[in-house]
Amino acid sequence: MTDVHLSNHDQMGDCLQGLRVVDLTRNLPGPFATRLLADLGADVLKIEPKQGDPARVFGELFAALNHGKTTEKYDFHDPKAIEAIKAHLKEADVMLDSFRPGVLAEMGLDAKTLHAINPKLVMVSITGYGVADNYAKKGAYSIDGSQVNHDWANKAGHDINFMAMSGVLDQLRTAQGEQAMPNIQFADLAGGSDTAVIALLAAVFAAQRTGRGRHIAISMTHSLYNHMIMPKVTGKLINSFSGNGLNDTLMPQNDFLGGALPCYRLYQTADHRYMAVGSLELKFWQGLCEVLELPALKAIHWQLGIMPNRLESQTAINIIAEKFASQTLEHWQRVFAATDVCVTPVLSLHEAKAHPLFACQDEHHATSGWQQVN
């Protein structure tokens, strides 16, 4: 029998034991990245300025991000403090920072200086827009041999700005085409924290083999842009169905997975809640039609050649919308509880916290995204 350990953060807490991390970051992206490393067993030293991490004012947020880390505070303008930080970095495997490009050099913590005292050190700088040639010698930053030249490297920004510039924010629209304002920090967490962890673990693995560290700049904006795999190609696909050629300009709510398909969209219930229908494959769609007692719609599916531009497809959307609107969310939850057709309720945060799916939470309402299976 498969044994699945459901304990929260201790199940893989030995994976990064011995990894020494010095964390100069603040606010959300960097501290969440080092929180993930700590959950996997890394020894994290959080170094804050004398005034502390700005996230401290949020109380529970700071605790959720930084519990279990050793914390020290220094005056970053004091040469003695910089020497103390260097002493920590001499023994460290990884250093993370979230300063604008050029600040590390001003502090005396640039790659040349640090690699002279610790050649294996992996340095990870989480930035908003990446780095460009105007912050180093000509040709220092390149992609496939081409110089990176833009004037955004030193601009200030937050999650909403990085989402906006990457094109991701424009993809978040209502069914009516109105711009949505997200309450989840996709740029900070996916573009910053997760990307930083992937890059630094890869660099540490390389350093263990070669004895050489490196300095990596994470661009939250570029990472988000890289995540838009589907929108970059599906717009052309949908337009080709509609006879609009290969133009990839398409409103997100009309894209392949943005609401154009009857089998993959949100449907409002009688109490103005929503059910999420993800019956993308034919077998799930036909199962959905059976549950809803709408057998006539079984053949109206993209895998059978009924594309979003067809009248049958729009008719199916209207019929299913009317069906879901006839009952409450609670009713549909009961109906679909015993089915396997990729239909789920849209839960509030309060409902998700109380759901059995998230029974294994720590005191910070955190659950790891991994489970060890023996």
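The values are calculated or read from the model by the stated rules, or taken from the named source; none is laboratory data. Here the structure is a predicted model, which means the values were calculated and not measured. Neighbour counts are summed over all protein chains in view; Cβ atoms, including those assigned to glycine, are modelled from backbone coordinates with ideal geometry. For accessibility, only protein heavy atoms count, side chains too; no ligands or nucleic acids. Shrake-Rupley method; radii C 1.70, N 1.55, O 1.52, S 1.80 Å.
Where helices (runs of 4 or more DSSP H) sit wholly within the stretch 147-215, those with at least 3 residues that are in contact (Cβ under 8 Å) with a residue 12 or more places away in the chain and more than 16 Å from the chain's Cα centre (by Cα) occupy 195-210.
Taking the listed residues LEU280, LEU311, the one that is modelled with pLDDT under 95 and under 22 Å from VAL346 (Cα atoms) is LEU280, with no other qualifying.
Checking each residue in the stretch 286-300 for being in contact with a Pro (Cβ under 8 Å, 6 or more places away or on another chain) and in contact (Cβ under 8 Å) with a residue 24 or more places away in the chain picks out LEU297, ILE300. Criterion first (open to solvent by 10 Å² or more (accessible area, probe 1.4 Å) and of a type in the set (Asp, Glu)) does GLU48 satisfy it? When the stated conditions are applied, GLU48 does not pass them. Summed over the stretch 256-311, the residues that are over 25 Å from THR174 (Cβ atoms) and open to solvent by 70 Å² or more (accessible area, probe 1.4 Å) give a count of 8.
Would you point out the residue of the stretch 8-24, among those that are over 23 Å from the mean Cα position of the chain (by Cα) and in a loop (DSSP other than H, G, I, E, B), that is modelled with the lowest pLDDT? This residue is ASP14. Selection of first residues in the stretch 25-53 that are on the phi < 0 side of the Ramachandran plot and assigned to a strand (DSSP E or B) and of second residues that are open to solvent by 10 Å² or more (accessible area, probe 1.4 Å) and among the β-branched types (Val, Ile, Thr), restricted to Cβ pairs under 9 Å at least 6 apart or on distinct chains, gives the following pairs, ordered by first then second residue: ASP43/THR70; VAL44/THR70; LEU45/THR70; LEU45/THR71; LYS46/THR70; LYS46/THR71; ILE47/THR71; GLU48/THR71.
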